[in-house]
1. Which net charge results when you count Lys and Arg as +1 and Asp and Glu as -1 among the other residues whose beta-carbon is under 15 Å from that of Thr405?
2. For Asp193, Asp373, which order do you get if you count the other beta carbons within 10 Å of each Cβ and list the fewest first?
3. Would you give the gap between the C-alpha center of the range 21-56 and the C-alpha center of the range 272-327, rounded to a whole Å?
4. Report, ordered by chain and residue number, the lysines lying within cross-link reach of Lys404, taken as a straight Cα distance under 17 Å and ignoring same-chain residues fewer than 8 apart.
5. At what distance in nm do the modelled label points of Thr188 and Ala343 sit from each other, each positioned 7 Å from its Cα along Cα→Cβ?
6. For the range 310-377, what does the alpha-carbon gyration tensor say about shape, rounded, prolate or oblate, given a ≥ b ≥ c as the root eigenvalues, a/c under 1.5 as rounded, and a/b over b/c as prolate?
7. So which aspartates and glutamates pass the test for Lys386, namely a Cα distance under 17 Å, with those fewer than 8 places away in the same chain ruled out?
8. Once you sort the root eigenvalues of the Cα gyration tensor of the range 245-327 as a ≥ b ≥ c, which label holds: rounded (a/c under 1.5), prolate (a/b larger than b/c) or oblate (the other case)?
Amino acid sequence: MNLKPLAFRMRPRTIEEVIGQSHLVAEGKIINRMVKAKQLSSMILYGPPGIGKTSIASAIAGSTNFAFRTLNAVTNNKKDMEVVAAEAKMSGKVILLLDEVHRLDKAKQDFLLPYLENGMIVLIGATTSNPFHAINPAIRSRCQIFELKPLEPNDIKEALRRAIADEERGLGNLKVEITEEALTHFATASGGDVRSSLNALELAVLSTAPDKNGVININEETAEECMQKKSLAHDKDGDAHYDVLSGFQKSIRGSDVNAALHYLGRLIEAGDLVSINRRLLVIAYEDIGLASPQAGQRTLAAIEAAERVGFPEARIPLASAVIELCLSPKSNSAIVAIDSALADIRSGISGEVPDHLRDAHYKGAKELGRGVDYLYPHDYEGGWVKQQYLPDRIKNKVYYKPKKTGKFEQALSTIYDKITGYKK
């Protein structure tokens with residue numbers, strides 16, 4: 001009996017056996033062309049777990065007949081790499097799959113670089129982290145970077161059917177009958193992770209007693225028992241976290257309630273209350289802003305309620321806030337205004353505070369001209385009087401440009417237009 005897991009046994013031996021990732025391995029695509037031409041360059045494969053990074057590496061090795069070795073950047077040391085380097089010197093070329101390549105320390109990196117330069121070691125780095133964020137530029141600049149996508153349910157079904165039929169490496173020596181509903185559950189509940197689907201299938205087969213005819217029947221109920229709930233691909237330090245938060249905010253900004261609730265659900269499943277609360281408060285002021293200032297107050301109230309009750313009940317006030325923010329009028333005039341002012345300041349576009357606005361609460365200020373000729377607005381009808389507030393250099397600058405997308409900002413706009421009209 002083969003004690004290795006089914007997912008390990010069913011790894012593709014050639015590039016043609018790779019499931020999915022057609023944008024890289026299909027006929028005419030970049031990795032397929034590299035393999036056919038036997039002109040390999042070092043590469044970094046990144047994407048969620050269980051979608052084929054190791055499979056592609058082993059398929060490349062199988063298709064080219066080069067020696068293939070696997071190391072881990074964390075658990076294997078420099079001596080292990082020296083063994084691979086020695087083999088490369090003997091054979092001329094070795095394909096090295098280096099898992100968790102983003103964790104490569106400087107000593108190991110410095111050792112590998114000359115072998116990557118001369119092509120004796122073809123590095124295939126595997127990582128779940130965005131290499132542009134996580135991998136040292138010295139390694140990254142010597143590698144092609146390829147993003148792998150989660151597999152579609154039909155891709156995973158194909159892998160499962162192959163495993164059931166394969167007599168050499170799979171379950172073909174057993175009489176396995178599986179319902180379409182069970183296949184669908186394995187394929188969809190895995191979140192695009194073919195490895196977890198294959199291992200769940202193996203568990204289902206090995207834990208199910210054959211019937212009187214020796215047939216192992218796998219139905220949907222068995223599949224549900226063996227396919228444990230797939231944890232959402234959501235790492236608070238990884239791409240998934242920021243991608244979901246970005247989709248969340250952009251859906252609210254775009255007034256798409258259903259999309260916003262979907263992304264909220266993903267953040268809730270990840271248990272990320274802190275990020276949800278922070279982002280909602282930012283959205284209330286960045287995207288709704290002056291179009292509906294009360295939305296900020298109600299969002300804060302929803303956040304405080306969510307923090308007090310915790311999950312799972314926190315989903316209720318959070319959903320209420322998301323729906324309101326989606327359907328509120330939108331205005332980014334406040335953030336545009338302050339960012340415009342900051343841009344000038346950071347570019348050195350500033351100036352002296354006008355003398356009549358300077359602090360005059362000290363002896364001798366008057367002799368220096370501080371505060372002289374200042375007009376106190378409360379002394380005038382309507383609490384406003386025309387006078388210059390900006391420095392001379394930028395006295396005609398306009399930062400705030402109101403958007404008339406809500407009754408509150410419409411009212412502000414009326415006052416603003418009146419004041420700026422007087423100033424002219």
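1. Details: positive: Arg253, Lys330, Lys401, Lys403, Lys404, Lys407; negative: Glu286, Asp287, Glu409.
Neighbourhood net charge equals +3.
2. Working: Asp193 23, Asp373 9.
Least to most surrounded, the residues fall as Asp373, Asp193.
3. Measuring centre to centre over Cα atoms gives 43 Å.
4. Reachable lysines: Lys330, Lys418.
5. Distance between the two pseudo-spin positions: 4.7 nm.
6. Details: a/c = 3.72, a/b = 2.69, b/c = 1.38.
The shape class here is prolate.
7. Asp355, Asp373, Asp417
8. The shape class here is oblate.
Laboratory data are not the source of any read-out in this text; all were calculated from the coordinates shown. From a predicted model like this one, the values you see are computed outputs, not experimental measurements. Here the Cβ is made from the backbone with ideal geometry for all residues, glycine too, and neighbour counts use every protein chain on show.
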